[in-house]
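The values are calculated or read from the model by the stated rules, or taken from the named source; none is laboratory data. If you're wondering where the values come from, they're calculated on a predicted model, not measured in any experiment. Neighbour counts run over all protein chains shown; Cβ positions are idealised from the backbone, glycine included. Keep in mind that these areas ignore ligands, DNA and RNA; they rest on the heavy atoms of the full protein, side chains included. Shrake-Rupley method; radii C 1.70, N 1.55, O 1.52, S 1.80 Å.
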Amino acid sequence: MTMDDDLATPRLLLHAMSVTDAEHVVAGAPPAGVRWALGYPSPGDKGAAMRFLTTCEGIGDPSPFGLYEIRLREDGAVIGGVGFHRAPDERGSVTIGYGLVESARGKGYASEALRALLRFARDQGVTQVLGDADADNIASQHVMTAAGMRLVAEDASVKYYLIDWGDDDGEE
């Protein structure tokens, strides 16, 4: 996969974020020809872009295990982000994160984007994907469940999810 490749779903394009894209997100100013939905980038998007830039400076571009802008296929508007926290570890495990602008929530976009990212991760040889959601963030918990992840642990503030392709029965 090159930085110019998008992951496509029926309604979305997941556009691999470049260093330049991430710099625009951090600055809060869209690049020429790119339309951002109201509310993008969120503080979480800016934080993820900063971590991506730090990774690029420290160890190089982690692509294809970086960040992706979630764009609507119908008009190209960026409505959020999804991506990996880092490249797979020695066991083939990665952690994911995602977020949408408020106006795009409740329409199934996050689940659609996450399913595409999970398929992509599996195609890249990843054996396990982890995610988490605040205990009171029912919508995010639903997104991970709808995408095929299962609840594996929780504490007072966070619920932890997993999808594992390491063995036939799906157990760790």
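Taking the conditions exactly as written (of a type in the set (Gly, Ala, Ser) and over 17 Å from the mean Cα position of the chain (by Cα)), does Ser111 satisfy them or not? Taking the combined requirement at face value, the residue does not satisfy it.
Among the residues making up the stretch 59-70, a single one is small (Gly, Ala, Ser) and either touching a Leu at 6+ places or on another chain (Cβ under 8 Å) or farther than 19 Å from Ser93 by Cβ (or both): Gly60.
Does at least one position in the stretch 48-58 carry a residue that is closer than 23 Å to Pro88 by Cα, surrounded by fewer than 18 Cβ atoms within 10 Å (Cβ to Cβ), over 18 Å from the mean Cα position of the chain (by Cα) and free of Cβ contacts under 8 Å to residues at least 60 places away in the same chain? So far as the stretch 48-58 goes, yes, one or more of its residues are closer than 23 Å to Pro88 by Cα, surrounded by fewer than 18 Cβ atoms within 10 Å (Cβ to Cβ), over 18 Å from the mean Cα position of the chain (by Cα) and free of Cβ contacts under 8 Å to residues at least 60 places away in the same chain.
Using the structure shown, decide if Asp136 is touching a Lys or Arg at 6+ places or on another chain (Cβ under 9 Å), open to solvent by 70 Å² or more (accessible area, probe 1.4 Å) and either part of a strand (DSSP E or B) or farther than 21 Å from Ala8 by Cβ (or both). Write out each step before concluding.
Values: touching a Lys or Arg at 6+ places or on another chain (Cβ under 9 Å): no; open to solvent by 70 Å² or more (accessible area, probe 1.4 Å): yes; either part of a strand (DSSP E or B) or farther than 21 Å from Ala8 by Cβ (or both): yes.
So Asp136 does not fit the description; no.
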